[in-house]
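Peer 1: I have a structure I would like to understand better, so I am pasting it below and will then ask my questions one at a time.
The values are calculated or read from the model by the stated rules, or taken from the named source; none is laboratory data. Only a predicted model underlies this, so the values are computations on that prediction, with no experimental measurement involved. Because the Cβ atoms are built from the backbone with ideal geometry, glycine has one as well, and the counts that use them run over all protein chains shown.
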Amino acid sequence: MKLSLMFSARCNARCAHCSTSCGPHRTEALSREQIFGLMDQAAEASHGEPLRIGLTGGEPFLDFPLLLEIVAHGKALGADMGCVTNAYWATSDDKARAVLSELKDAGLNRLAISASRFHQMYVNRRRVERALNAGRQVGLPCGLKYVHLRSDPEDERTIDAWARAAGARHVEVFPVLPHLREGEVLPVDEYRRRPGLPTQRCPGMLTTVGWDGEAYTCCNPGAFNPLLSLGNAHVSPLRELHDGLYFGGTQQILREHGPIHFARAVQARGEGARLRRDYTSVCEMCTHIATDPVMAPIAAEVSEAFEVQQLSEILDRVVGPATATDIGGIPVTCEGRHSMKKSSGKKRSTPKISAAKAKKLKERRELSFMVFSDRGFRMRLLRNPKKVAAEFGLNFTDKDVEALLAARDDIKAYGEAVDTLVRLGKNVNDLWRDRNMIMVIDGLLDPGGW
Ligand code: SF4
Ligand code: SF4
């Protein structure tokens with residue numbers, strides 16, 4: 001699991017391009033217990049797979065003792081720990097070395113230093129150099145993340161050369177995106193846009209949890225909106241939010257097709273004029289669609305239709321064939337439902353079998369497996385044959401139950417095969433659908449757990 005924790009909104013700087021409007025005046029933060037709890041949940045949900053935790057904010061170094069504790073906790077969990085800073089603390093070479101040495105000893109694996117013309121109003125570039133150099137000296141890999149404006153005096157190559165000479169292992173130069181600090185604007189020619197709609201797929205998602213517990217699909221500027229929301233970590237278990245990253249319709253579309261899929265749907269609805277003719281990056285188009293009052297609902301509808309179609313495919317391929325037999329002379333049917341987020345970002349209540357529906361089913365003498373999928377595509381399967389049968393006033397013989405269990409065994413074999421492929425590192429992107437099926441299989445194998 002890849003988890004990004006934006007654990008505090010407080011920052012020493014007030015950069016004009018800061019999309020989350022962080023600054024010295026902000027006090028929102030996750031508590032120590034909440035941070036540790038989320039990290040523990042992440043470790044548990046990783047099931048032995050690599051766990052990467054990135055710490056960001058705000059400025060994580062402002063509470064250095066807490067940062068050390070968090071890093072040490074991550075190390076104890078076996079996590080690969082990274083952190084982002086603006087390097088304000090590198091006031092001298094000795095201080096920079098001492099700080100990074102302590103963090104490395106605590107268990108930090110990587111440090112990213114963010115810089116830009118905006119940062120330089122608060123943090124002298126000399127401090128960035130010192131921090132990069134100190135990282136090299138103490139053996140802590142450091143990288144530079146540089147936000148670039150069109151009118152910057154240095155081009156990307158010059159920045160890259162400067163940072164590498166200072167000690168950076170990696171350099172990423174990003175074009176500034178039009179999601180700035182509240183109230184800030186930039187001349188339109190500061191954005192380095194290219195003509196046409198970007199056709200790339202989503203370059204990288206990670207479960208991002210902010211200081212208010214809200215979780216999102218990535219931490220890019222402009223990404224904190226209902227379309228890319230995964231829920232709230234104070235309300236739902238992290239595992240469930242993380243499932244949304246893999247099984248949510250929006251996320252699967254972005255991963256498999258890219259935001260262009262939504263852009264084409266917008267054009268097909270006659271709203272293409274709302275799209276820009278040029279974008280800085282695929283992420284700008286993604287967040288533009290996700291924050292536009294007309295385009296965002298279209299994208300949400302497309303995502304919902306994708307989930308419904310996928311759910312019916314899963315039912316056909318897994319639950320359908322497995323239950324396509326009459327049991328005790330009773331036709332077994334499957335029914336899929338899903339709940340989506342409303343555009344307000346609030347989740348609808350999980351669908352339940354209504355009294356009227358139960359009565360109808362009872363009259364039709366149909367046993368129905370109600371498969372519920374929430375936004376994270378988490379399947380809820382009522383699969384206790386005797387209990388369900390009793391609920392609908394049916395009598396199941398042991399033979400009927402055996403027939404169900406036999407079907408379950410077939411599904412289990414299939415699930416194990418898919419699981420093995422995933423463990424062997426086969427193309428995971430191609431297996432997302434099959435992993436969805438594992439969710440169904442999990443439900444079948446552990447009916448009590450739902
Ligand atoms: S961009 Fe980073 S350094 Fe600047 S105000 Fe925001 S959190 Fe602080
Ligand atoms: S494409 Fe969208 S979801 Fe993917 S990283 Fe960019 S902004 Fe985030």
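Peer 1: All but one of (1) among the β-branched types (Val, Ile, Thr); (2) farther than 21 Å from ILE298 by Cα; (3) within 16 Å of ligand 2 (Cβ to nearest atom) hold for THR217; which doesn't?
Peer 2: Only one criterion in (1) among the β-branched types (Val, Ile, Thr); (2) farther than 21 Å from ILE298 by Cα; (3) within 16 Å of ligand 2 (Cβ to nearest atom) is unmet by THR217, namely (2).
Peer 1: Being more than 30 Å from TYR146 (Cβ to Cβ), surrounded by fewer than 21 Cβ atoms within 10 Å (Cβ to Cβ) and β-branched (Val, Ile, Thr) is true for just one of VAL235, VAL282. Which residue is that? If you could, list the steps in order and put the result at the bottom.
Peer 2: Numbers: VAL282 fails: more than 30 Å from TYR146 (Cβ to Cβ).
After applying the criteria, what remains is VAL235.
Peer 1: Among strands (runs of 3 or more DSSP E) lying entirely in the range 36-131, which contain 1 or more residues that are among the small types (Gly, Ala, Ser) and surrounded by 23 or more Cβ atoms within 10 Å (Cβ to Cβ)?
Peer 2: Values: elements: 52-56, 80-85, 108-116.
By residue number, 108-116.
So that you can scan it fast, the table gives a plain yes or no per residue for (1) assigned by TED's automatic domain parsing to the domain that holds GLU28; (2) within 25 Å of HIS17 (Cα to Cα); (3) of a type outside the set (Gly, Ala, Ser); (4) without any contact (Cβ under 8 Å) to a residue 24 or more places away in the chain:
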{"position": "LEU186", "(1), (2), (3), (4)": "yes, yes, yes, no"}
{"position": "GLY204", "(1), (2), (3), (4)": "no, yes, no, yes"}
{"position": "VAL209", "(1), (2), (3), (4)": "no, yes, yes, no"}
{"position": "LEU241", "(1), (2), (3), (4)": "no, no, yes, no"}
{"position": "PHE262", "(1), (2), (3), (4)": "no, no, yes, no"}
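Peer 1: When the residues of the range 1-30 are filtered to those that are assigned to a strand (DSSP E or B) and within 16 Å of ligand 2 (Cβ to nearest atom), which remaining residue is modelled with the lowest pLDDT? Lay out the reasoning, then the answer.
Peer 2: Start the filter on the range 1-30 by keeping residues that are assigned to a strand (DSSP E or B), which leaves 2-6, 8, 10, 23, 29.
Now narrow it down to the ones that are within 16 Å of ligand 2 (Cβ to nearest atom): 2-4, 6.
Numbers: LYS2: 93, LEU3: 97, SER4: 97, MET6: 98.
Here the residue is LYS2.
Peer 1: Further, regarding this structure: In the range 10-53, which residue that is near ligand 1 (Cβ under 8 Å from one of its atoms) and of a type in the set (A, V, I, L, M, F, W, C) is farthest from the chain's Cα centre (by Cα)?
Peer 2: ALA13
Peer 1: Looking at LEU228, is it at pLDDT 95 or above and within 8 Å of ligand 2 (Cβ to nearest atom)?
Peer 2: Numbers: at pLDDT 95 or above: yes; within 8 Å of ligand 2 (Cβ to nearest atom): yes.
In short, yes.
Peer 1: Within the group ASP243, ASP212, which residue is part of a loop (DSSP other than H, G, I, E, B), more than 10 Å from ligand 2 (Cβ to nearest atom) and of a type outside the set (A, V, I, L, M, F, W, C)?
Peer 2: Details: ASP243 fails: part of a loop (DSSP other than H, G, I, E, B).
After ruling out the rest, the residue left standing is ASP212.
Peer 1: Moving on to the next point. Would you mind stating whether ALA161 is within 26 Å of ILE70 (Cα to Cα) and in a helix (DSSP H, G or I)? Can you show your working first?
Peer 2: Working: within 26 Å of ILE70 (Cα to Cα): no; in a helix (DSSP H, G or I): yes.
So ALA161 does not fit the description; no.
Peer 1: Continuing with the same structure: Residue check: is ALA263 at pLDDT 95 or above and within 15 Å of ligand 2 (Cβ to nearest atom)?
Peer 2: Judged against the criteria, ALA263 is a match.
Peer 1: Considering each of GLN309, GLN252 in turn, give the residue that is polar (S, T, N, Q) and either modelled with pLDDT of 90 or more or within 15 Å of the chain's Cα centre (by Cα) (or both).
Peer 2: Numbers: GLN309 fails: either modelled with pLDDT of 90 or more or within 15 Å of the chain's Cα centre (by Cα) (or both).
On inspection, the qualifying residue turns out to be GLN252.
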